[in-house]
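One structure below.
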Amino acid sequence: MIKKKKQLGGIGEVVEIDESKFGRRKYHRGHRVEGQWVFGGYERGSGDCFLIPVEDRSAETLVRIIEEWIKPGTTIISDCWKVRII
């Protein structure tokens, strides 16, 4: 996906965004998951998407990715999760 970089959306288009942590529990105990945070977007209609590994989920980091991967004028749908600004 990174080699064929293509901005998603545009006027009248909808892109859904979310972040998730990929990993597993260590020794199958507790609730903390060791792994990698990934931020992505999915364009309704075309099915095009992007996934970017991120070190932190700060507003600064996520807004930079949104500006890079999503065209201006796009309707963005998220789960409204509040990010921590570090």
7 Å from Cα along Cα→Cβ at both Val63 and Lys5: what's the point-to-point distance in nm? 2.0
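Suppose R0 equals 30 Å; then what is the FRET efficiency for Phe22 and Lys71 from their Cβ-Cβ distance, rounded to the nearest 0.05? Before the final figure, lay out each step's value.
Values: r = 27 Å, r/R0 = 0.89.
That pair, Phe22 with Lys71, gives E of 0.65.
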For the stretch 65-76, Karplus couplings with θ = phi - 60° (6.51, -1.76, 1.60), whole Hz, Gly/Pro x: 5, 4, 5, 7, 9, 10, 5, x, x, 6, 7, 10
Pairwise label distance in nanometres, Ser78 with Glu34, each label 7 Å out on the Cα-Cβ vector: 2.9
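Read the figures in this text as sums done on the coordinates, not as results from a lab. Since the model is a prediction, treat every value here as computed from it, not as a measurement. All Cβ positions, even for glycine, are placed from backbone atoms using ideal geometry, and neighbour counts span all protein chains on display.
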